[in-house]
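Below you'll find the structure, written out as structure tokens, and then a few comments.
The values are calculated or read from the model by the stated rules, or taken from the named source; none is laboratory data. Since the structure is predicted, the reported quantities are computational estimates derived from the model, not experimental observations. Because the Cβ atoms are built from the backbone with ideal geometry, glycine has one as well, and the counts that use them run over all protein chains shown.
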Amino acid sequence: MPLPLVWLADVLRAVGLPVVETDGWKTRTAGGAQPRPVGVLEHHTATPASYARPAPTVQMCIDGRPDLDGPLCHGVIGYDGTVHVIAAGRANHAGKARASGPNPAGDGNTLYVGFEWDYQGVNQGPSPEQYDAAVRATRAVLAKLGRPPEAARGHCETSVTGKIDPGRVDLDKFRRDVAAASPQEDDLTPEESAILRRIETELLGPRGDRGQIQGWGTAIGPRTVVAMLVDLHNALLGEQLSTYPNSKIKLSAVRAIRDNNGLLFQLPAMINAAGQSDPAKVAAALRPMLAEVVGPVVAESVRAALGADNQAQADAIVTELAQRLAGKDAA
């Protein structure tokens, strides 16, 4: 007799998620009563992940730990947004559950479909792609179960032993996102949305635990690409790099950038008018010009990555990114 969740991969794939079906998942189950799920439970694996190593705990979730037999979830959501389907039967992910939202108390392993988000959870939050995939996966499963968005719960909300997962996630916001597709999701396909979020992350750095822009870590602290361009521009004003003895910028390299991107260096009056002492005003002044400078490079890269057969998708991504760089509020 088929296990209860053999539909899981098809349901996830139907909403455009990249899905990896692990070997044997359709017959994999832990011992005990089989799931009769009324909700979806969100976890984090407590293992650091990255785009280079997006799903390091898939095998552990299949095999289990010395103190707990596998499978440990029904799906692992990687840092890159890929969902690895683990088990179609019972998974040891929830333990005893207290009542939470519209869901009753009881055996959490029968009450919930469990998703492990592969990230560390204390010092590291989920990536944009991972969060987006979790929203889509949860929405799809709840629709299959005929349950409301409030039936999505975090392990911290059901645990009787003080679990904290999924760390660095606002679960009320998560449920709001599950409840309604964002404007970006209405405008773009799932593939376009994932590519756009990746580009946005590369420009602005990974979002903080409350969705705030926090930039990339540099030797002088968190910096976005916009802020670094402002620094570069200010350093070039008056060709006075020699007054910065600790600068690692080579004058010849900076001049080459200036010569190849002359448009960017037409900004002194604009920057001065905005007030060089106010980074927010400087960033706002830079956005329209940045769209013109960075836009063609991004357009060429996206079109090359997608290929000539996907020109419409590439154009949609580039258009949306240009609007964001010009000042449109990101979703």
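One table, with the values for the structure above:
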read-out	value
Subset of the range 137-151 (residues that are under 16 Å from ARG98 (Cβ atoms) and buried (at least 22 other Cβ atoms within 10 Å of the Cβ))	ALA151
Some residue of the range 132-149 being touching a residue at least 40 places away in the same chain (Cβ under 8 Å) and either outside the structural domain of GLY95 (by TED's automatic domain parsing) or among the polar types (S, T, N, Q) (or both)	yes
Residue in the range 98-110 that is assigned by TED's automatic domain parsing to the domain that holds LEU17, under 21 Å from LEU5 (Cα atoms) and buried (at least 24 other Cβ atoms within 10 Å of the Cβ) present	yes
Residue within the range 36-46 that is among the charged types (D, E, K, R) and within 21 Å of the chain's Cα centre (by Cα) present	yes
Residue count, the range 159-179 (criterion: more than 18 Å from the chain's Cα centre (by Cα) and aromatic (Phe, Trp, Tyr))	0
ASP80, sole failed condition from (1) in contact with a Gly (Cβ under 7 Å, 6 or more places away or on another chain); (2) over 29 Å from GLY101 (Cα atoms); (3) surrounded by 19 or more Cβ atoms within 10 Å (Cβ to Cβ)	(1)
So THR27, is it surrounded by fewer than 22 Cβ atoms within 10 Å (Cβ to Cβ), more than 13 Å from HIS74 (Cα to Cα), modelled with pLDDT of 95 or more and hydroxyl-bearing (Ser, Thr, Tyr)	no
